[in-house]
Amino acid sequence: MYRAKWKRHQAGWIVVLAALLWWPLLACAKGPEPRHAVLVVGDSLSAAHNIPAASGWVNLLQQRVNQQIKPPPAIINASISGETSSGALTRLPGLLQKHRPSVVVIELGGNDALRGLTPAQLRGNLEKMILASQAAGANVLLLGIDVPPNYGPAYRQRLKQVYADLARQHKVALLPFLLEGVALQPGAMQADGLHPTAAAQPRVLDNVWPLLRPLL
């Protein structure tokens with residue numbers, strides 16, 4: 001009888017030890033938890049094109065979260081002037097692995113249009129970026145863009161629909177037009193008519209903030 005009890009007792013300890021040994025391995029297999037950080041992946045609109053870097057809306061975002069969010073998240077600006085959705089898609093896995101952001105802000109599409117990429121191709125690249133970000137445990141904020149009227153109303157509408165459809169399908173936050181209230185404001189755009197001036201950057205941030213704040 002005592003031998004049977006001992007065997008049951010021994011078996012119980014074996015189960016406990018096995019669980020203790022396997023638990024760290026299972027935890028590692030799930031991957032590291034996202035950290036309190038915001039990763040901005042964009043083009044020249046987010047890269048402070050032709051203005052001091054400190055004046056760009058992404059840098060102003062860091063100042064705002066420092067003041068309003070405790071503890072403040074780190075703002076990582078991975079935006080590059082001239083970036084396309086395909087280029088950003090290629091870079092994204094490394095950025096997610098390195099920074100482990102809790103929020104990913106995607107601002108792309110203008111250079112795709114300039115290079116003649118179809119809205120369907122843009123949609124495919126953005127969708128892959130959204131899915132990769134969500135798989136890494138991050139919330140996503142999608143920032144939509146518009147193109148000049150010379151692209152024609154049909155193309156502009158298809159472009160807008162890309163962002164709206166992706167936001168609805170994948171349940172991500174959407175700012176339909178990053179430069180709302182800026183693009184047509186006298187004196188708010190640089191000479192090229194495509195990029196906001198340094199003075200207009202706070203307004204750009206004000207467009208983004210109401211949608212980003214709940215994700216923090």
Subject >> Label-to-label distance, nm, for residues given as Ala198 and Gln134 (7 Å Cα→Cβ offset) >> reply: 4.0
**OP:** May I ask you to sort His99, His36 by Cβ crowding, counting other Cβ atoms within 10 Å and putting the fewest first?
**Re:** His36, His99
**OP:** Search the structure for amide H atoms under 5 Å from the amide H of Ile75, placed 1.01 Å from N in the peptide plane, and list their residues when 5 or more places away or on another chain.
**Re:** Val38
Original post:
Arranged from highest to lowest average of other beta-carbon atoms within 10 Å per residue, in what order do the peptides 156-162, 139-145, 83-89 appear?
Top reply: 139-145, 83-89, 156-162
**OP:** Take the Cα of Ser55, step 7 Å along the line toward its Cβ, and report every residue of the stretch 184-198 whose backbone nitrogen sits under 14 Å from that point.
**Re:** 187-192, 195-198
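Any read-out appearing in this document is the output of simple, stated calculations on the displayed coordinates, not a laboratory observation. In this text the structure is predicted, and so the values were computed from the model without any measurement. With ideal geometry, Cβ positions are generated from the backbone for all residues, glycine too; neighbour counts draw on all protein chains shown.
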